[in-house]
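Encoded as structure tokens, the structure appears first; notes follow it.
The values are calculated or read from the model by the stated rules, or taken from the named source; none is laboratory data. Every value quoted in this text rests on a predicted model; they were computed, and no experiment measured them. Here Cβ is always computed from backbone atoms with ideal geometry, including for glycine, and neighbour counts include all displayed protein chains.
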Amino acid sequence: MNKYNLHKILTSWGKSQRQLPDNNESLKKSLLANLPNSPTIKDTGLIHRAPWLSMSLIGLAVLVLIITPSSINRMNPPISGAPYMDNYGDDSRDSASPITSTAINSPETKTSSAGKFMENSMSPNVQNAKPSYVLPDIYPEPPYYNDPAPINDTREFLKTSYNATIRTRKVNEISQHIQIAVRGVGGRIDGFTSSNKNGYINFAIPADKLDFFVADIKNLVPKKFFVETTMVENLLPQKQSIERQQEQIYKMLATLNSNRDQLIITHKNYAASIQRQLDDIAIETDALKSVITDDLIRQTEIAARLQELSILKSSLKSQLTNENYSYNKKLASLDSQIKNYQDSLEYNYKQDQKLIDNVATVRGTIYINWIGYWEIIGLYTPSYWPSIVLVAAAIIAYINYRRKSRNIIP
């Protein structure tokens, strides 16, 4: 006999032996009588009601989730003031000596060619102005060049612009620390405004000190309170444009100087030729005048020849006068053109140096904005955390509803 048959036989026997004792009813009544009395829960009709509280909380959670802005805009605070965006092609600020100047709030206004963003924001009234808008998300598009640099030119003239936003409860203290940090790396403050609630700092620092400067200001606040944007652009197309202009200027100067030298040589040869003719006329005239004769025919011939020589002399002098006038006029024109191209070349050199200095300088803006405790909580929690709280409350309410429903005695 195997184990399966034995188990089957025992199970069948056990079922056949199951029966209630004869005094089952009396034992049941005795046990129920000895149980402690418990209050009877009246039927309040809850079992027939829907969980309205839970449903309401769920609906409210969905509504809050819909109207809650995305957390992507959390670090875009209300600001006053303008970002400092530098562009190479702007001549409104002399950047030939980008670091030597220590002027604060220079009267010269910097306007980026990328757009006149918040014009006149550097006016004295800006410090007392109340922020009335939120800085939108700005994702700068890379510059497009109609004549990009060829790939075989691998030079890099990287121009860097830096912007950051700091949220803190100590606006003035952070602002002073940043100004000290800027000057500590050999930079300058181009403008700033500061109050108890917000402020901004426009600055310029050497490009080789940017990493050290950024590491310093990042230590001022926790990571979640700091957002930065670094824009880097290779100014190689501008550099190549300057070099092409220099090449064209050199060619024009070479041509003009060659024309000037040729003009001088031609004029000297022509004037020398006329002068030789005048000298010959003078010699011949003196010789004829020195002739003494009583021959009337000879005297007539001499007089006629002297008349011809006089006319020829006047004509040659007139030609020489006209030649000198034309020569001086052409020479003055060439000198003027050469002077203009030399001035252009000097300006081109300045533009080249300006580009180099511009690359060696990082300009930027740091915004400092006050943050409340509620906003601090928001930085460390998801943007939809109110909805999570409401859903949790709805679950708790529903569990409580179900518990009460089970305790109802019909």
One residue from SER290, SER258 being small (Gly, Ala, Ser) and over 60 Å from the mean Cα position of the chain (by Cα):
SER290
Conditions: (1) at pLDDT below 90; (2) among the β-branched types (Val, Ile, Thr); (3) over 30 Å from MET55 (Cα atoms); (4) outside any helix (DSSP H, G or I). ILE409 meets all but one. Number of the miss?
(3)
So GLU346 fits all but one of (1) in contact (Cβ under 8 Å) with a residue 12 or more places away in the chain; (2) of a type in the set (Asp, Glu); (3) surrounded by fewer than 16 Cβ atoms within 10 Å (Cβ to Cβ); what number is the exception?
(1)
Among the candidates ALA392, ALA360, residue that is more than 32 Å from the chain's Cα centre (by Cα), of a type in the set (A, V, I, L, M) and at pLDDT 80 or above
ALA392
LYS239 vs (1) part of a helix (DSSP H, G or I); (2) surrounded by fewer than 16 Cβ atoms within 10 Å (Cβ to Cβ): all pass except (2)
Quick check on this structure: which one of VAL221, VAL227 is more than 30 Å from GLN351 (Cα to Cα), part of a loop (DSSP other than H, G, I, E, B) and hydrophobic (A, V, I, L, M, F, W, C)?
VAL221
I'd like the residue in region 307-323 that is surrounded by 14 or more Cβ atoms within 10 Å (Cβ to Cβ) and not acidic (Asp, Glu) and, out of all such residues, is farthest from LEU263 (Cα to Cα).
LEU309
For the condition surrounded by 13 or more Cβ atoms within 10 Å (Cβ to Cβ) and farther than 30 Å from ASN163 by Cβ, what is the one hit in ASN369, ASN400, ASN358?
ASN400
Looking at region 269-289, is at least one residue surrounded by fewer than 10 Cβ atoms within 10 Å (Cβ to Cβ) and part of a loop (DSSP other than H, G, I, E, B)?
no
